[in-house]
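Below is one structure, written out as structure tokens; the observations come after it.
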Amino acid sequence: MTQSQALSILKTGANVFLTGEPGSGKTHTINEYTAYLRKRGIEPAITASTGIAATHIGGMTIHSWSGIGIKTKLDKHDLTKITSSQYIINRVRKAKVLIIEEVSMLLPETLSAVDTVCCEIKQNMEPFGGIQVVFAGDFFQLPPVVKTETENNGQTELIRESSTRFAYNSSAWARANPLICYLTEQHRQDDNNFLGILSAIRHNVFSRDHLYHIETRKILPSLIPDNVPQLFSHNTDVDRINDEILAKLPGESHVFAMFSQGPDILVTAIKKGCLSPETLYLKAGATVMFTKNNQKDGFVNGTVGMIEGFNKTGGHPIVKVRSGRRIEVKPMDWTVEENGKVRAQISQLPLRLAWAITVHKSQGMNLDEAVMDLSSVFEFGQGYVALSRVRRLSGLYMLGWNRRTFQVNPEILNKDEFFRLVSNDAETTFSKISPAVLQERQVNFISVCGGKVIQEIRAGY
């Protein structure tokens, strides 16, 4: 399914699971739909399963939005407390469209808790209280972290899920019954050989022939190219490398402290999702990575460059990126907004040291080059996420790997095939709907949401 086809389905107000391979344009499609809604006076609730993913889309975590916080299970007391908060009441009552990015990292019981809160506040027993829900993500990527609980303090749970791990197993997912929109275009990788390798991993047909191409990209630690980010599976490796290399550079460190304002709980949530550290140490010659998008100034999340020096007046770092462009980097804001007003924000340079980053923090990034040590990969999908960050095989430098690196979860393999088939059925069904009828459905949804109807010259699937 193309992006435009998925967008047309979204506009009808149907519940949707938007999925596809890395680089297929899931986030771009969500951004297009968000712009479409806002143009018509409808403000969607934009959320994500993790703080990092939330910063990528300018939203908040689904945990914060729904008021469930760190809870994975609700009892009557929890629900009463959440639904007594005026902030949460106003937020949920006004919501017509709820977008949840990186749904693959959301536990099934968390999704059901959100469904329960929405129904209670809306006083509507339809799925999610009648809100259009848009799940976006790829279950081949990193799964949710499962925490084992030994007791429930004697409280009666309102929601009890089976011991499953993925959001699609949730009773709330079944209630929402989303249409599957599986995007099949590719906008990140432009190397057919490399695409074949990634596809082989995804379909569990990775062979010796594919491994041969990976082996051609293996290098010794002594031959790591300068100013190329390194990906590791563990934080300890990342911190060690960044600190060691920075310490070896001559000169004193320039220190940049994060500024924050707003309620502590919201500020903490923003900080957790911000890839820039609270205290950033920089030196001339340091390799850095941008952690935010700013097309106007010439960088996006994942752009790599080197600190050439520091502005004499404001002290801001001057970063030279691969294209040769020099950018004076000034602080940017990460915010939580509600009803058009900023409730909390942090300000920091949109930079982090980038000699090394974790695979988890690389999710959502586009990298021209990367050095990877995947010899300690411990989770299905971790190697796939890392490898799919780079655009082409020539930009890949491998220090090592293990058997798990090229494996995907067998359960997801079967489920993904199901998603593809159902998406094909949805594509066929919608292709048979006349443009006039489709436009009528789209206009009706905008009207139901209380939005402004704008007649478009061309509509349809």
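The values are calculated or read from the model by the stated rules, or taken from the named source; none is laboratory data. Quick caveat: nothing in here was measured; it's all calculated off a predicted structure. Every residue, glycine among them, receives a Cβ derived from its backbone with ideal geometry; neighbour counts consider all protein chains shown.
Out of the range 352-361, which residues are farther than 30 Å from Gly67 by Cβ and either at pLDDT 85 or above or under 19 Å from the mean Cα position of the chain (by Cα) (or both)?
Hits for the range 352-361 are Arg352, Leu353, Ala356, Ile357, Val359.
Residue pairs whose Cβ atoms lie under 9 Å apart, sitting 6 or more positions apart in sequence or on different chains, and linking a residue in the range 329-351 that is at pLDDT below 90 to a partner that is assigned to a loop (DSSP other than H, G, I, E, B) and of a type in the set (S, T, N, Q), are Trp334/Ser276.
Of the residues making up the range 1-26, those that are in a helix (DSSP H, G or I) and over 16 Å from Phe139 (Cβ atoms) number 8. Considering the range 226-244, the residues that are surrounded by 17 or more Cβ atoms within 10 Å (Cβ to Cβ) and β-branched (Val, Ile, Thr) include one that is nearest to the chain's Cα centre (by Cα), namely Val238. For the range 7-34, the set of residues classified as over 13 Å from the mean Cα position of the chain (by Cα) and without any contact (Cβ under 8 Å) to a residue 60 or more places away in the chain consists of Leu7, Glu32, listed by residue number.
Quick one: is Gly305 assigned to a strand (DSSP E or B), in the same structural domain as Gly400 (by TED's automatic domain parsing) and surrounded by 23 or more Cβ atoms within 10 Å (Cβ to Cβ)? Against the criterion (assigned to a strand (DSSP E or B), in the same structural domain as Gly400 (by TED's automatic domain parsing) and surrounded by 23 or more Cβ atoms within 10 Å (Cβ to Cβ)), Gly305 qualifies. Evaluation of Thr80 against the conditions (1) out of contact with any Leu (no Cβ under 9 Å at 6 or more places or on another chain); (2) within 25 Å of Leu10 (Cα to Cα) shows that the sole unmet condition is (2).
A quick yes/no check of all residues on (1) buried (at least 19 other Cβ atoms within 10 Å of the Cβ); (2) not β-branched (Val, Ile, Thr):
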| position | (1), (2) |
| --- | --- |
| Val385 | yes, no |
| Leu396 | yes, yes |
| Arg404 | no, yes |
| Thr428 | no, no |
| Ile433 | no, no |
| Gly450 | no, yes |
| Ile454 | no, no |
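Residues in the range 174-193 that are more than 19 Å from the chain's Cα centre (by Cα) and at pLDDT 90 or above: 6 in all.
Contact map, the range 402-423: residues that are closer than 20 Å to Gln382 by Cα paired with residues that are small (Gly, Ala, Ser) and surrounded by fewer than 16 Cβ atoms within 10 Å (Cβ to Cβ), Cβ distance under 7 Å, separation 6+ or inter-chain. Pairs shown: Asn402/Ser375.
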